[in-house]
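The values are calculated or read from the model by the stated rules, or taken from the named source; none is laboratory data. Here the structure is a predicted model, which is why all the values come from computation and not from measurement. Methodologically, a virtual Cβ is constructed for each residue, glycine included, from the backbone with ideal geometry; neighbour enumeration extends over all protein chains shown. Ligands, DNA and RNA are stripped out before the accessible areas are found, and what is left, the full protein with its side chains, is counted by its heavy atoms. Shrake-Rupley method; radii C 1.70, N 1.55, O 1.52, S 1.80 Å.
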Amino acid sequence: MSTRSRLAIAAAALLAVAACSPRTAVQGPSPLPPAPHPAAEGPSVAAVQRSGRLRVAADLSVPPMAFRDASGPRGFDVDLVGLVAQALGVRVEIADTPAAVMRETFPPAADLAAGALSRGMAPGVATEPYGDASPTIVWGGKTSGSGLAALRGRRVAAALGSRGERLARAAGATLVTTYLPEQSLALVADGRADAAIADGPEALGFVSGRAGLRTSAAGGPATPLVLIARPDAADLAAYASAVIRELRSGGGLRQLRERWHL
């Protein structure tokens, strides 16, 4: 192998590591809060620290919680798992994994699962909640109303099988189903639907910076959002929960919400 080829391979490897670094992969509109440093204990925590990496399976199709752009994985959950990795003193490695896949079995090459997940969305041990998601209506600029009753007879987009689909159907809306929540929201933005229903973080993140769109509560209980550790890693879930508690008490979670306009 030529010297030039060796240098090219080395440079590519360095770029791959940088893309997984919580300090370089997820730079957003404002600084990250400092990482907490709870005491590390337990066999899974020790194994992660020995390996030097925290492997995370994340559904990168739920902006602003977890998504991908030209710079790599980004979003609230990406920042959060990056801070867990910093607290552990390791780098984070994120593998894009659809939530539907995680429902069947916990990803075998992951330590944590993330991406706007709630308890039961992946087999494993859930952390304590770091936030919640409530159904939210996104209204087009020419659509009046502020509640579910105003959706009757209106063209309303929602992801297939979602709470939004059930709420829109019960409200008597003319339902337009999509595969992904962001597709439903896009229909409102370009005027092909009068409104859409999506979970709060996705709806608020989508509306931020888009003139003419507004939101209102769709009703229904909020769903707590969690990280999920692999089934045999209860100590890792406890460690991530300790990180979440310290971020909450120190204002770090609030800073992350502001960073992603939530």
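At a Förster distance of 22 Å, what's the computed FRET efficiency of Ala217 paired with Ser144, Cβ-Cβ distance as r, to 0.05?
0.85
Assuming R0 = 35 Å, can you tell me the calculated FRET efficiency for the pair Arg50 and His261, based on Cβ-Cβ distance, to the nearest 0.05? Spell out each step's value before the answer.
Numbers: r = 38 Å, r/R0 = 1.08.
Working from the Cβ atoms, E equals 0.40.
In a Debye calculation with equal point scatterers on the alpha-carbon sites of segment 106-201 and no solvent, what is log10 I(q)/I(0) at q = 0.14 Å⁻¹?
These q points yield log10 I(q)/I(0) values of -0.56.
Out of these labelled values of Rg/Rh (Cα atoms, Kirkwood Rh), (1) 0.98; (2) 1.06; (3) 1.02, which was calculated from the coordinates shown here?
Entry (3).
Tell me the carbon and sulfur percent of the accessible area for the chain, rounded to whole percent, probe radius 1.4 Å.
Working: 6840 of 12090 Å².
On the chain, the fraction of accessible area on carbon and sulfur atoms equals 57 percent.
Using heavy-atom solvent-accessible surface (probe 1.4 Å) with all chains present, what is the largest-first order of Met121, Met65?
Correct descending sequence by accessible area is Met121, Met65.
Say the dipole of segment 173-262 comes from +1 at the beta carbon of Lys and Arg and -1 at that of Asp and Glu; which of Gly205, Ile228, Ala193 then lies farthest toward its positive end?
Gly205
Which order do peptides 51-64, 217-230 fall in by mean Cβ count within 10 Å, highest first? Could the numbers behind the result be given before it?
Numbers: 51-64: 22.1, 217-230: 20.4.
In descending order of packing, they fall as 51-64, 217-230.
Rounding to the nearest 20 debye, state how big the charge dipole of the chain is about its Cα centre with +1 on each Lys and Arg Cβ and -1 on each Asp and Glu Cβ.
Charge dipole of the chain: 520 debye, to the nearest 20.
For Ser30 and Tyr179, calculate 0.36 nm times their separation in residues minus their Cα-Cα distance, and state this gained length in nm to one decimal.
Numbers: separation 149, 0.36 × 149 = 53.64 nm, distance 3.14 nm.
Roughly 50.5 nm would be gained on extension.
Charges at C-beta only: +1 for Lys and Arg, -1 for Asp and Glu. How large is the resulting dipole of segment 117-215 about its Cα centre, in Debye rounded to 20?
440 debye
With every protein chain left in place and a probe of 1.4 Å, what is the accessible surface of Ser30, to the nearest 10 Å²?
About 40 Å², rounded to the nearest 10.
Accessible area per residue for segment 128-262 in Å², computed with a 1.4 Å probe and the full protein assembly in place, what is it?
I get 45 Å² per residue for this part.
From the protein chains alone at 1.4 Å, what is the descending order of accessible area for Val81, Val176, largest first?
Largest to smallest exposure gives the sequence Val176, Val81.
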